[in-house]
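The values are calculated or read from the model by the stated rules, or taken from the named source; none is laboratory data. Everything numeric here is computed off the predicted structure, so don't read it as measured data. Cβ coordinates were reconstructed from backbone atoms using ideal geometry, including for glycine residues, and neighbour counts include every protein chain displayed.
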There are 2 protein chains.
Amino acid sequence: MPKQVDHRERREAIARALWRVVEQHGVAHLTMREVAQEAGISLGQLQHYFTSREAMLSFAMDFAAEQTSLRVDQGLQELGDQPHPRDVLRVMLTEMLPLHADARATSRMSAAYVLEALHDSTVHARAREGITQGRALVEQLVRQAMADGYIQPDRDPVTETNLLLALTGFTTLIELDVIEPQDVLTAVDEYLDRLFTTSVPPRPAPAATEQST
Amino acid sequence: MPKQVDHRERREAIARALWRVVEQHGVAHLTMREVAQEAGISLGQLQHYFTSREAMLSFAMDFAAEQTSLRVDQGLQELGDQPHPRDVLRVMLTEMLPLHADARATSRMSAAYVLEALHDSTVHARAREGITQGRALVEQLVRQAMADGYIQPDRDPVTETNLLLALTGFTTLIELDVIEPQDVLTAVDEYLDRLFTTSVPPRPAPAATEQST
C-alpha cells in the first residue's frame, strides 16, 4: 500500500477516534492526548499526523462533512436515474440530521465545530465556507426545480433555500429527545410536500432550453 | 436590601460573567476559576454561590432561558391587547435567534448547554424539560389559532409546532454569517404568512365557546 494512502487512512482513523471522544464526552475537554488514547496510539504518533489540536479538529470536521456527502451520494444513487427534486432534497436534509448512528457522529462533530467557530476566526471561516457551499448547492436545486415547474414560480428561491436549511434545527430537538425521529420525518415530508405543490402539474421532461441560466 | 435578594443578584452577576466567558472563549475550557476572574471575585467567593461547575452552568442556563422569556414578554406587551397569533409566534421565534446582543448571549449559552447535554444526563434532562415546555406553549398557540380560524383546519398542529421549532436552526446560519439577519427575518415572515393564510377569513372576535378544549 502506498505511503500516501496509509497516511490518509491513519488520519481518518484518528478523526473517527476524535468523533467518538466528542460523542461521548463532548468537545469541552478534548485534548490531543485524549484522542491519541482513544485511537490507541501515543501522543507523539498523533503529533506526527496532526501538529495541533486545531489541525486535528479541522481535519475531523472536513472528514465528517465528506462522510455526510458520501451518505447523501449513496442515498441519491438509490433514487435512480431521474430523481424527483423533492426526493433529492429529502435525502440531503435527512442525512444532515442525527437520525442514525453515522449521522449522529457527524452531526455532533458539526455542532461542536460550530461552537468552536464562535470564538476562533479560523474555524469560523472554514465552517462558514463549508455551509455556504452546501447552501449554494441547495439553492441551485431549488432554482432548477422552479425552472422545471416543480415549485410554484412565485416562490423566492433565496427564501425557500434559507427555510430548507433552517430545518436542520431539528438536530437539537432530536438530540434532546423533544421530538421523536418519526415525527421529524413526518414534518420534513409535510414541508417538502407543500413546497412541491404546484398549481400546474410539472412538465414530465423539461427541455434544456427552458432551464434556468 | 434583604440578604435573599442580594444572594440572587450575586448569582445573576456570576451567570452574566459566565455568559461572557462562553461568548468569548466557548464552553470548551470553562472553569469556575475563569468565571470567578471574569466576575471579579475569588474562587472561594464563587464557590459560596455555586458548589460545582454543573450547578453554575445550570443556573446560568436557567437564567438565560428566563431572560429570553422576559424579552418575549416585553415584545408581546408591545403588540397590545389582542395580538394576532402570527405576531405572537414571530416575537417568540425571533427572540430565540441571535439577532441582537442580548439574544446572542443567551443563544450561545443555550447552544453550549445543548452540547453539554449530549454527554451529561442531568443537563440533558434539564435542557429537555425546558425545550419541551417551550414546545408545549407553541403547540397551545397553534391549536388556539386553528380553533380561532387563523390557520387552515386541515393542518396538523403537532407537525406545525415541530416545524416552527425547527426554524431555530437559523441560529447556526446567523452565527456563521451564512445568512444575513435581514434575510432570516424575510424567511421567518414568509413562513408565518403562509402558515396564517386561511382560505376563509378569520373570525374577528372568537367566542369563548368556540375555542379548543
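Of the candidates B:D87, B:D81, B:D120, the single residue that is within 17 Å of B:V22 (Cβ to Cβ) and either within 14 Å of another protein chain (Cβ to nearest Cβ) or out of contact with any Lys or Arg (no Cβ under 9 Å at 6 or more places or on another chain) (or both) is B:D120.
Any idea which of A:I131, A:I151, A:I179 is outside any helix (DSSP H, G or I) and facing another protein chain (nearest Cβ under 9 Å)?
A:I179
Exactly one residue out of A:E38, A:E23, A:E66 is over 26 Å from B:Y113 (Cβ atoms) and either outside the structural domain of A:F196 (by TED's automatic domain parsing) or in a helix (DSSP H, G or I) (or both), and it is A:E66. Screening B:R104, B:R86 for residues that are among the basic types (K, R) and touching a Pro at 6+ places or on another chain (Cβ under 9 Å) leaves exactly one candidate, B:R104.
Taken together, the residues in the range A:185-197 that are within 7 Å of chain B (Cβ to nearest Cβ) and either out of contact with any helix residue (DSSP H, G or I) (no Cβ under 8 Å at 6 or more places or on another chain) or over 18 Å from B:L195 (Cβ atoms) (or both) amount to 0.
Taking A:I14 as the residue in question, decide whether it is more than 19 Å from the chain's Cα centre (by Cα), touching a residue at least 24 places away in the same chain (Cβ under 8 Å), assigned to a helix (DSSP H, G or I) and more than 14 Å from chain B (Cβ to nearest Cβ). For A:I14, the condition - more than 19 Å from the chain's Cα centre (by Cα), touching a residue at least 24 places away in the same chain (Cβ under 8 Å), assigned to a helix (DSSP H, G or I) and more than 14 Å from chain B (Cβ to nearest Cβ) - is met.
Among the residues making up the range B:74-92, a single one is loosely packed, with under 13 Cβ neighbours inside 10 Å and of a type in the set (G, A, S): B:G80.
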